[in-house]
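Peer 1: Sharing a structure, written as structure tokens. Questions coming.
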Amino acid sequence: MARQLLIAGNWKMNGKRDSLAFFDEVAPAAGASAAEILICPPATLLAAAVDAASGASIKIGGQDCHANSSGAHTGDVSADMLVDAGADYVILGHSERRSDHGESSASVAEKAAAALSAGLTPIICVGESEAERRDGRAEAVVAEQVVNSLPKATDGAYVIAYEPVWAIGTGLTASLEDIQAMHGFIRGRLPDGEKTRILYGGSVKPGNAAEIFALADVDGGLIGGASLKASDFAQIIKNTAV
Ligand code: PGA
């Protein structure tokens, strides 16, 4: 079964209401693409982004969710709330959440189960640090993260995003050989590897997206910096027309 390419933008802690013009600018490229297009704005813009993207072939996702559906968790957002706002996806276990908020793979697994039962598709992020790669531990670290971050005993499709930490926001990308090797390695560790989409993330931009997404085990990208500028994101979509 062919896996549909997923081109996902992660706005991180960027974007205000005046950023919503993005959707009109990207809509023509998204509409012409066979890929699935997703934008994950900050929580404050979720509902407005759903409105701005309506009629365009662009889905909306959250950047994190709590494992519980409601309750006394000040500052958190539940998977049910993301669904209520119109989201289809949620990014979980991004390396910035693992480092800024001490998120463990076990908590990512719980959040992923909550997301699936709420009807969201989780995008579960994994990736090694520069030191871990230098020490030859990249595969071991990523394998450990994958195994422990997957939702337990829950049916439903999830997406994996492989994002080497040293390539995020740095302008550095892993070599095509290293990306393909790690994606193949991850696929071999997934219970439903052939059906599961594995995205690459880390300084994807218009100039390198097509060659990365063409790799056999790369099913799209999770794009930070280059998703903030509509013209760059639209160019990535156009360059990777399938
Ligand atoms: P980047 O971020 O494209 O700016 O490197 C990717 C990510 O962190 O998802």
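Peer 1: Since residue 166 meets every condition but one in (1) without any contact (Cβ under 8 Å) to a residue 40 or more places away in the chain; (2) closer than 27 Å to residue 33 by Cβ; (3) within 16 Å of the ligand (Cβ to nearest atom), which condition does it not meet?
Peer 2: Failed condition: (2).
Peer 1: Looking at (1) among the aliphatic types (A, V, I, L, M); (2) surrounded by fewer than 24 Cβ atoms within 10 Å (Cβ to Cβ); (3) under 26 Å from residue 156 (Cα atoms), which one does residue 199 not meet, given that it meets all the others?
Peer 2: All conditions pass for residue 199, except number (2).
Peer 1: Taking the range 142-153, which residues are crowded, with 21+ Cβ neighbours inside 10 Å and either of a type in the set (Lys, Arg) or assigned to a loop (DSSP other than H, G, I, E, B) (or both)?
Peer 2: 150, 151 - these are the residues of the range 142-153 that are crowded, with 21+ Cβ neighbours inside 10 Å and either of a type in the set (Lys, Arg) or assigned to a loop (DSSP other than H, G, I, E, B) (or both).
Peer 1: Out of all the residues in the range 71-120, which are within 16 Å of the ligand (Cβ to nearest atom) and out of contact with any helix residue (DSSP H, G or I) (no Cβ under 6 Å at 6 or more places or on another chain)? I'd like the intermediate steps shown before the answer.
Peer 2: Step one: filter the range 71-120 for residues within 16 Å of the ligand (Cβ to nearest atom), giving 89-101, 103, 108.
Answer for the range 71-120, where residues must be within 16 Å of the ligand (Cβ to nearest atom) and out of contact with any helix residue (DSSP H, G or I) (no Cβ under 6 Å at 6 or more places or on another chain): 89, 91, 94, 96, 97, 98, 99, 100, 101.
Peer 1: Moving to a separate point now. Among all residue pairs at least 6 apart or on different chains, which show Cβ distances below 6 Å where the first residue, located in the range 192-216, is more than 10 Å from the ligand (Cβ to nearest atom) and the second is in a strand (DSSP E or B) and among the aliphatic types (A, V, I, L, M)?
Peer 2: Qualifying pairs under 6 Å: 197/6; 197/159; 198/160.
Peer 1: On the basis of being free of Cβ contacts under 8 Å to residues at least 12 places away in the same chain and hydroxyl-bearing (Ser, Thr, Tyr), does residue 175 make the cut? Please lay out each step first, then the result.
Peer 2: Working: free of Cβ contacts under 8 Å to residues at least 12 places away in the same chain: yes; hydroxyl-bearing (Ser, Thr, Tyr): yes.
Yes, satisfied.
Peer 1: Across the range 63-108, what is the total count of residues that are surrounded by 17 or more Cβ atoms within 10 Å (Cβ to Cβ), under 16 Å from residue 145 (Cβ atoms) and polar (S, T, N, Q)?
Peer 2: Count: 3.
Peer 1: Go through the range 169-191 and report how many residues are among the acidic types (Asp, Glu) and more than 16 Å from the ligand (Cβ to nearest atom).
Peer 2: Here is the first cut: in the range 169-191, the residues among the acidic types (Asp, Glu) are 177-178.
Now restrict to residues that are more than 16 Å from the ligand (Cβ to nearest atom): 177.
Final tally of qualifying residues: 1.
Peer 1: I need every pair where a residue in the range 86-110 that is modelled with pLDDT of 95 or more has its Cβ under 6 Å from the Cβ of a residue that is of a type in the set (Ser, Thr, Tyr) and part of a strand (DSSP E or B), sequence separation at least 6 or different chains.
Peer 2: If the second residue must be of a type in the set (Ser, Thr, Tyr) and part of a strand (DSSP E or B), the pairs left are 89/121.
The values are calculated or read from the model by the stated rules, or taken from the named source; none is laboratory data. Predicted model only: the values in this text are computed from it and were never measured. Glycine also receives a Cβ, built like all others from the backbone with ideal geometry; neighbour counts cover every protein chain displayed.
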